[in-house]
């Protein structure tokens with residue numbers, strides 16, 4: 001496991017360029033020097049995006065201030081970096097990267113293009129970026145924040161916004177189209193500014209939304225790419241105290257989603273497949289609920305891995321599901 005950069009350290013902005021590799025066999029960490037030994041634009045990695053390419057190489061972008069457009073590929077055998085990513089039109093800060101089925105990488109520009117509805121694709125075979133069209137609605141807010149973007153089993157990328165609007169990109173045709181917007185709840189426009197998302201085993205997407213960048217309360221939604229619908233589901237136990245900015249989601253090998261609200265709690269979201277017997281009429285919509293089984297033993301404000309742009313293992317089948325949250329202190333009932 002390779003970790004690079006970081007925006008904050010206990011609430012203080014640092015935009016570090018430090019990194020390290022974890023060896024699970026030896027149970028040790030080894031420091032990794034930043035690209036170009038931390039000179040020039042690599043003095044900061046900060047909240048720069050990263051992704052594992054189809055060829056297994058790790059790519060990261062420098063960030064921390066406007067105009068930082070450089071990227072680099074990591075060689076794990078020699079612990080060295082190689083520059084890549086010529087022609088990037090926009091700074092890397094706050095961007096999400098999504099690995100497309102053709103091996104290219106998609107991003108929505110956030111900082112330096114006008115208007116900020118442009119998108120770009122990176123081609124690993126040439127090491128260059130090119131324009132990928134404009135999103136049909138603005139996804140980036142005035143502070144350069146945007147929501148997560150994830151690849152669905154259908155080959156469509158869902159790109160969510162910090163504006164309340166959302167869009168989707170068809171990797172086969174290269175065409176952008178609109179996705180359902182988040183609703184106005186209690187007079188407040190909901191969005192996923194700097195928030196998390198996770199692709200469920202049935203190919204749908206779990207989303208944590210809230211009003212603005214740090215507003216409360218949070219509410220949870222599921223996006224169905226096959227129907228292009230956005231449905232509100234039951235909230236996590238402490239959603240009233242949460243903003244989407246603080247949430248983290250990690251898809252577990254079981255297909256469940258580990259949710260870290262950074263308020264002393266870890267919850268597990270379970271999507272249980274319901275097979276419809278042949279010849280029978282469709283069953284009613286699945287029931288969704290939350291269950292808290294007791295306090296967890298995790299430290300305050302610990303963090304899981306952010307899912308921005310990271311591909312997850314999914315299947316193309318879309319069975320009906322029931323969804324619930326439960327504490328990971330014991331296995332949820334099935």
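Values in this text are rule-based calculations from the coordinates and carry no lab data. Computed from a predicted model, the values in this text were never measured in an experiment. Cβ: placed from backbone, ideal geometry, glycine included. Neighbour counts: every protein chain shown.
Numbers for the structure displayed
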quantity: Debye equation applied to the C-alpha atoms of segment 1-46, log10 I(q)/I(0) at 0.14, 0.15, 0.24, 0.28 Å⁻¹; calculated: -0.37, -0.42, -0.83, -0.94
quantity: Tensor-based shape of segment 162-271 (alpha-carbon gyration tensor, a/c under 1.5 rounded, otherwise prolate or oblate); calculated: oblate
quantity: Mean Cβ count within 10 Å, highest first, over the residues of peptides 218-227, 71-80; calculated: 218-227, 71-80
quantity: Highest to lowest packing among 180-187, 199-206, 258-265, 143-150, scored as the average C-beta count within 10 Å; calculated: 143-150, 199-206, 258-265, 180-187
